[in-house]
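The values are calculated or read from the model by the stated rules, or taken from the named source; none is laboratory data. Please read these numbers as outputs of a predicted model, since none were measured by experiment. Here Cβ is always computed from backbone atoms with ideal geometry, including for glycine, and neighbour counts include all displayed protein chains. When the accessible area is computed, the model is the full protein with side chains, heavy atoms only, and any ligands, DNA or RNA have been set aside. Shrake-Rupley method; radii C 1.70, N 1.55, O 1.52, S 1.80 Å.
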Amino acid sequence: MTELIDPAPKVRSYLQSFLSLLIPGLGQAVAGAISRGLIILASILTFSGLTIWTAAQRPRFPDYGLTARAFLILLGETAALLLFIIAAYYLVTRTVARKPTTRAAVQTGFIILGILLIALAQQSLLNTALSADDQSNVYGITLVFGAALTAAMWLWNISDAGWVREDDAPSMNGLVFLSLAALIILGSRVTQVDLPKAVREYRDTEIILRQIVWPWEAAFVYEENNVEAEAKIQAPCPPGATGPEVNEPKDKGPWVVVSPTCGDLSERGTMGAIDFGTELTITGGGFVPGQTVNIRWENPIGNAFKPRGFGDTEIPASGEGTFETKLFIPDATISSTAQGDQIHRLIAIQTGEREFTGKLSQDMKLALQQMLVTIMMGMMATLVGVVLSIPLSFLSARNLMGSLKSTLQAFVGGVFGLVAGAWLGSMIAGLIASALGGLEKYPLLTFGSYIIFVLGGALLFYRLAGASLDWLGKRALPAVVARLITIIGLAAVGATIGYGLGIGFSYGIFSITHTAEFAEEMAPRTGAIGAAVGALLIAYYGYRRQPTDEITTGNFIYVIVRVTLNIIRSIEPLIWAIIGIIWVGPGPFAGFIALTIHTIAALGKLYSEAIESIDPGPIEAVQSTGADRLQTIRYAVVPQILPPFIAFTIYRWDINVRLSTIIGLVGGGGIGFLLIQWIRLFQYEQAGIAVWLITITVAALDFVSAEIRGRFV
Amino acid sequence: MLKIENLTKIYEDGTVALKDVSFTVEEGEFLVVIGLSGSGKSTLLRCINRLIDPTEGKIIWNDIDITEASEGDLRRIRRSIGMIFQQFNLVDRSSVMTNVLTGRCGYVNPIWSLINYFPRKDRERALNALERVGIPDKADNRADALSGGQKQRVGIARALMQEPKMLLADEPVASLDPVLAHSILGYLEKLNQEDAITVLCSLHYLDLVQRYATRVIGLREGRIIYEGSRDDIRQLTDEQFKQIYGEEAQRLNVGPEDF
Ligand SMILES: Nc1ncnc2c1ncn2[C@@H]1O[C@H](COP(=O)(O)OP(=O)(O)O)[C@@H](O)[C@H]1O
Ligand SMILES: [Mg+2]
């Protein structure tokens, strides 16, 4: 009895500790806590293994042996370091900080101290474990900290083994911690996280980053108040050529005189040695006294550069504003097809203050224009998407479609009416289109008339044929005949669906398992089989039911529309953009198509879910007043779905403008396209302008959309 | 006259909500349907205007079989049968006026009504209806800004717009406190007596049943287990009521004179 209530006080077992020092977990296992011991052993082994593996994964350093050796050395070293810290900790807590609260603080302090010490000592630890050569190849931080963690676990395991008893549950805390650590290491491996590289190579980015972060110099036109004079030189100098006229010094304004004005180019040998050409004597005047004059060289095709290494190019002007210098004609690759005199220009220039004119630069104008294109692309896609997704969302709302019922025979009649109506509608629309002059001339009208006539014809004939067959079946035809017609009609529908599925099967499966030719050859056969099976199955269904039985036709539509929308939605907008680019070529139109398609599917789903979550009570109430279907939707459905619809629409608009910048990157036009071009041309300032415009637009949009949404919900 | 013949409703999941129910309602009656929750009261009332399609049986109203009516006929039948609901079923985000005007949907030009245009006459009628139920000043409020009792009055006004010959009321006072219950049933009684509108109403409380019903039908598990006249009910003791009704039977203990 007493044993249960008052367990014997724990006694430290040095033997167990010693065993765990040799093999982690052994002491615990000997004490009877076998699973605890196993977990500790497994953890330490896994962790060590992971550390070694990670360090050895450097592409140029696939040597496990060396890594493992280094790891073991580091293990010992960090363990010694830790032991030192632990000893210090005991010393402090036993003598100075004895209160439990201060002890806790000291403990935290020592843990931080330990980590800092290891971080500081990292380099010297590594130096003892690895040669200088190997070090550059190993992932040092991982090794040192992995070793330190392992050492800490080992030490803890030794102390743990001293106290452990048989009935101790395996410590889950340590396990959780270890799995986390392992996950982090694994994760950083897989994503190739390489902090040293990020730090090392940051400097290269800095210049570019600075341009991207503050690109406004490129956004405006500056007037340069330069003092500038130029002289013309002919080079090479063919025999008999005299070169351009020599300049005269001027009384007013800057001037530069070069002599001779005809000479030979320097030439660069294969080894980089320069064979100097004609030396020019340059004198100038009329410049700002005391300020530096820069010499620049412009070759015949208009590329200006600083002729470095051919003479002095930065000469301070004298007190009178004159200067004098000598310069070899620099080397310049003259195109072999160049004809006639090759006239170069020497420019003497003093750069003055740049003056802000307030005018937008060409690049800025282009960026603004493309930003507008992008916003419009997003807006158009949203608008068209909304218009098209609203009817689809009604068709894919279960609560609305569930009430769409008809008798079996009306359904059969309707399906045939649907096909006939659609065909008739397309004929009429075709006539109208040819009368108008075709798709090229009036695209919207033609398109619209097709939609109206095909849809309208289909719907009208669906109702007409459905109602007439229903009437015939109920009032005029003998029951057997009605039944026969229904069954045959259903069989035809089943055959059509089965045929389609059969052909799809052939192309979908056989072209993978066999060849495309085989699939094409088999398609008629699988189609026929499908048709037969479909016809039989559905005819049997028709045979089991009565023609006057009610079926929920709405559910067919619901399922078909939902599944289609889900498939479309699960394809990323970027993929749609690529499809759009293949379809209509790169540009905003492709982006528009991609966004619109995705918007229809995404909004269709959101809208239909909003419809499905409305309160059915008002629908019942409005229906019970004798309202028709449209009135019910207008008075019971629309007021309930308007707020979520508006919220979703604005949300989508927001998304679309963001997406349209991204879609531009793959060729969908707009600012994204411009951005990627500028990046590829290394024009980082211009790219910076694009990034800024995108950021500003998105932020503004975020604000506006939140504002509007808040007002409606 | 409303004649229900062998009405059966089996839901798609197989629940038999009504089983072979037959009864007749004379013009001008205030028929109360009682029964435990789940006994089929709502199903019965909803079958009458075919918010629910019955599985079998006939519902004959003034010699027309409602169960056989085509879509167009059904709308014309529905517009002369008003309905009010336990949860009021107003469109919360619309104004009281719009809610009341929807009662005219069965009469007005369907195209005009889609842009919320109703003839002046109907607007006046709506104001009159609101006046009749005592809330003429709430016409421009949003429906969700009203209290429960006010909402049910809007429900009655909406039904009034239909110029109904019959009124179906599915537990119209179950979501209201006792004082309001008498007030609402008072309006129904007034319509019943002044406008000679037949009322079919399901109720929960014995004293309300005794106070307002001219005839009572008791349902249990979809079958009629009790039929009684006004006098029968008045003499009914609590014990007998409990036998028909089960343990749920309650009294309100608030008379109309209490408010
Ligand atoms: N839409 C439905 N689908 C399936 N069963 C239903 C449905 N509506 C009601 N029921 C069932 O039919 C029975 C009668 O319900 P109801 O008419 O609502 O009873 P009451 O109005 O008297 O509470 C109950 O058992 C209920 O669970
Ligand atoms: Mg009910």
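Here are the numbers for the structure shown:
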quantity	calculated
Condition met for residue B:138 (buried (at least 18 other Cβ atoms within 10 Å of the Cβ), more than 8 Å from every other protein chain (Cβ to nearest Cβ) and not β-branched (Val, Ile, Thr))	yes
Conditions (1) polar (S, T, N, Q); (2) within 16 Å of ligand 2 (Cβ to nearest atom); (3) at pLDDT 95 or above; number of the one not met by residue B:39	(3)
Where a residue in the range B:16-45 is within 14 Å of another protein chain (Cβ to nearest Cβ) and its partner, wherever it lies, is assigned to a strand (DSSP E or B) and within 16 Å of ligand 2 (Cβ to nearest atom), with Cβ under 7 Å and at least six apart	B:42/B:170; B:43/B:9; B:43/B:17; B:43/B:18; B:45/B:168; B:45/B:170; B:45/B:200; B:45/B:202
Breaking point among (1) surrounded by fewer than 19 Cβ atoms within 10 Å (Cβ to Cβ); (2) within 14 Å of ligand 2 (Cβ to nearest atom), for residue B:17	(1)
Residue among B:185, B:180, B:219 that alone is within 16 Å of ligand 2 (Cβ to nearest atom), outside the structural domain of residue B:133 (by TED's automatic domain parsing) and touching a residue at least 12 places away in the same chain (Cβ under 8 Å)	B:219
Scan of the range B:154-167 for residues that are outside any helix (DSSP H, G or I), more than 8 Å from every other protein chain (Cβ to nearest Cβ) and either of a type in the set (Ser, Thr, Tyr) or on the phi < 0 side of the Ramachandran plot (or both), ordered by number	B:164, B:165, B:166, B:167
Test: residue in the range B:82-91 that is open to solvent by 30 Å² or more (accessible area, probe 1.4 Å) and either within 16 Å of ligand 1 (Cβ to nearest atom) or not assigned by TED's automatic domain parsing to the domain that holds residue B:157 (or both)	yes
Qualifying residues in the range A:270-302 (those that are of a type in the set (Val, Ile, Thr) and open to solvent by 20 Å² or more (accessible area, probe 1.4 Å)) - the one modelled with the lowest pLDDT	A:270
Residue that is at pLDDT below 95, outside any helix (DSSP H, G or I) and closer than 29 Å to residue B:83 by Cβ, where the choices are A:610, A:627	A:627
Within the range B:197-226, considering residues that are over 24 Å from residue B:82 (Cα atoms) and more than 16 Å from ligand 1 (Cβ to nearest atom), the one most open to solvent (accessible area, probe 1.4 Å)	B:207
Answer residue from the range B:48-81, given it is part of a helix (DSSP H, G or I) and away from chain A (no Cβ under 12 Å) and is nearest to residue B:108 (Cα to Cα) among those	B:66
Evaluation of residue B:175 against (1) within 26 Å of residue B:24 (Cβ to Cβ); (2) within 16 Å of ligand 1 (Cβ to nearest atom); (3) open to solvent by 30 Å² or more (accessible area, probe 1.4 Å); (4) of a type in the set (Ser, Thr, Tyr) (one fails), failing number	(1)
Enumeration of residues in the range B:109-133 that are at the interface with another protein chain (Cβ under 9 Å from one of its Cβ atoms) and touching a residue at least 12 places away in the same chain (Cβ under 8 Å)	B:116
Top-ranked residue of the range A:579-601 - restricted to ones that are under 23 Å from residue A:649 (Cβ atoms) and of a type outside the set (A, V, I, L, M), ranked as surrounded by the most Cβ atoms within 10 Å (Cβ to Cβ)	A:591
Residue count for the range A:585-607, restricted to those that are modelled with pLDDT of 90 or more and either more than 14 Å from residue A:377 (Cα to Cα) or touching a His at 6+ places or on another chain (Cβ under 8 Å) (or both)	8
Enumeration of residues in the range B:30-64 that are open to solvent by less than 30 Å² (accessible area, probe 1.4 Å) and either away from ligand 1 (no atom under 16 Å from the Cβ) or not assigned by TED's automatic domain parsing to the domain that holds residue B:9 (or both)	B:30, B:61
Residue in the range B:151-168 that is among the hydrophobic types (A, V, I, L, M, F, W, C), open to solvent by less than 40 Å² (accessible area, probe 1.4 Å) and within 16 Å of ligand 1 (Cβ to nearest atom) present	yes
Tally, over the range A:613-624, of residues that are among the polar types (S, T, N, Q), part of a loop (DSSP other than H, G, I, E, B) and open to solvent by less than 40 Å² (accessible area, probe 1.4 Å)	0
Positions within the range B:93-108 being within 9 Å of chain A (Cβ to nearest Cβ) and over 22 Å from residue B:81 (Cβ atoms), in sequence order	B:93, B:94
Failed condition for residue B:86, given (1) within 16 Å of the chain's Cα centre (by Cα); (2) at the interface with chain A (Cβ under 8 Å from one of its Cβ atoms)	(2)
Residue within the range B:231-241 that is more than 14 Å from chain A (Cβ to nearest Cβ), hydroxyl-bearing (Ser, Thr, Tyr) and either assigned to a strand (DSSP E or B) or surrounded by 20 or more Cβ atoms within 10 Å (Cβ to Cβ) (or both) present	no
